[in-house]
Amino acid sequence: MSDSDPPASELTVRLAPSVGSFDASAWNALGGDENPFVSHEFLSTMEDSGSVGAGTGWDPVPIVITDAADNLLAAMPSYAKGHSQGEYVFDHSWADAMQRAGRSYYPKLQIAAPFTPASGPRLLLSDPSFAPHLLKGAEAVCLQNNLSSAHATFIDQEQLPLFEAGDWLIRNDIQFHWLNRDYTAFDGFLDALASRKRKNLRKERAAAQEGLRIERLSGDDIKAEHWDAFWAFYQDTGARKWGTPYLTREAFTLLGERMGDRMVLILAYDDGYPIAGALNFIGSQALYGRYWGCSRDVRFLHFELCYYQAIDIAIELGLPRVEAGAQGGHKLARGYEPVQTYSAHWLADAGFREAVADFLERERDGVATDQLFLGERTPFKKD
């Protein structure tokens, strides 16, 4: 804490009713502009559109620190959850274990950007010294409200020491990210691949684009008819993957209004009609591929819209990487490399915490082995 910061006696750690209850500039001053998913615009859109809130199992309970003048000094986007859907860090086996022991795993506290498997800050801080107060606040919320646990998912690696200092358990997993090694064009990326892999990617792009028109839209160029088309694609994908799509139709309208200049909507047209689309968010250090859908299958079109177009955009914008979402080993052959992601967990029950800690230690060894195995199978030229 700097000399200008208020003494601890003047600080209040409290629950707030929503992110939208705060001034956008005050919230964004804490989160910065690197990651779009902790922005006031994104999180308040989830609330205002009904994508989180009553009936969703994601009840907003942001934990914040304010001073005596009610200035916002630190925050974490938090949700009381009655299930584990939409998180992408799977803890169903933990819930089953607690149920077999005669105890309830739900409700729990989730510290996350809803429905978003993209790493980012989970402790939004005007000063790092506020981190322990936020973590203790989360623990207190659990104990006072009979929540079994608190889970911060997809944490920026830089924030791991803050959670470790708070004695939270760390969990590792793997995603596939495309890394920009100072490429100036897609062909420069292709030149880094082994000859056979390079030919395969060129064939895939040609096959996917044949007879189609591909359009990229941002900002005010994204109109209601574009969102209507994409909503139909998104519903189809959501119904197949999750049963019920997480985002409402209103969410896309509000996202377009509030942060359209931080998004790229890619649509594929056949004879003037949109048949597929992919939605990307732009951060200061990454392009984030989030949603995809189609009305009919076209061979390799998923790869083109979600992976190759994203690479093109990242190169054009000079972004260091593309994060194309959770899972998907097929990304490996398309030049996306295995990287580790992190989450942090606090469990109220000491015995259950010990069992989970043992599980995570064994899981961590397996994740490291998998990363080495996958890293040897990238399509790049071998030295």
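The values are calculated or read from the model by the stated rules, or taken from the named source; none is laboratory data. Here the structure is a predicted model, which is why all the values come from computation and not from measurement. FYI the Cβ positions are ideal-geometry reconstructions off the backbone, even for glycines, and counts take in every protein chain you see. Only protein heavy atoms, including side chains, enter the accessible area calculation; ligands, DNA and RNA are left aside. Shrake-Rupley method; radii C 1.70, N 1.55, O 1.52, S 1.80 Å.
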Problem - Using alpha-carbon coordinates, inclination of helix 195-209 to the longest axis of the chain, degrees - result: 90
Exercise for the section: Rounded to the nearest 500, what is the 222 nm mean residue ellipticity of the chain from helices alone, with -39500 (n - 2.57) per DSSP H run of 4+ residues and division by all residues? Expected result: -10500 deg cm²/dmol
Problem - Order by protection proxy (mean Cβ within 10 Å, highest first), peptides 164-175, 312-323 - result: 312-323, 164-175
Problem - Interchain or long-range residues, amide H under 5 Å from Arg122's placed H - result: Asp156
Completion exercise
By the Cα gyration tensor axes a ≥ b ≥ c (a/c under 1.5 gives rounded; else a/b larger than b/c gives prolate, otherwise oblate), the shape of the range 1-116 is prolate
Completion exercise
Cα-based Rg and Dmax for the chain, in Å, come out at 21.5, 67
Problem - For the range 113-119, Karplus couplings with θ = phi - 60° (6.51, -1.76, 1.60), whole Hz, Gly/Pro x - result: 8, x, 6, 9, x, 10, 5
Practice task
Could you tell me what percent of the accessible area of the chain is made up of carbon and sulfur, with a 1.4 Å probe and every protein chain present?
Solution key: 49
Fill in the blank from the handout: Between the Cα axis of helix 131-144 and the main Cα principal axis of the chain, the angle (0 to 90°, nearest 10) is 70
Problem - Accessible area of Thr369 in the full protein assembly, 1.4 Å probe (Å², nearest 10) - result: 90
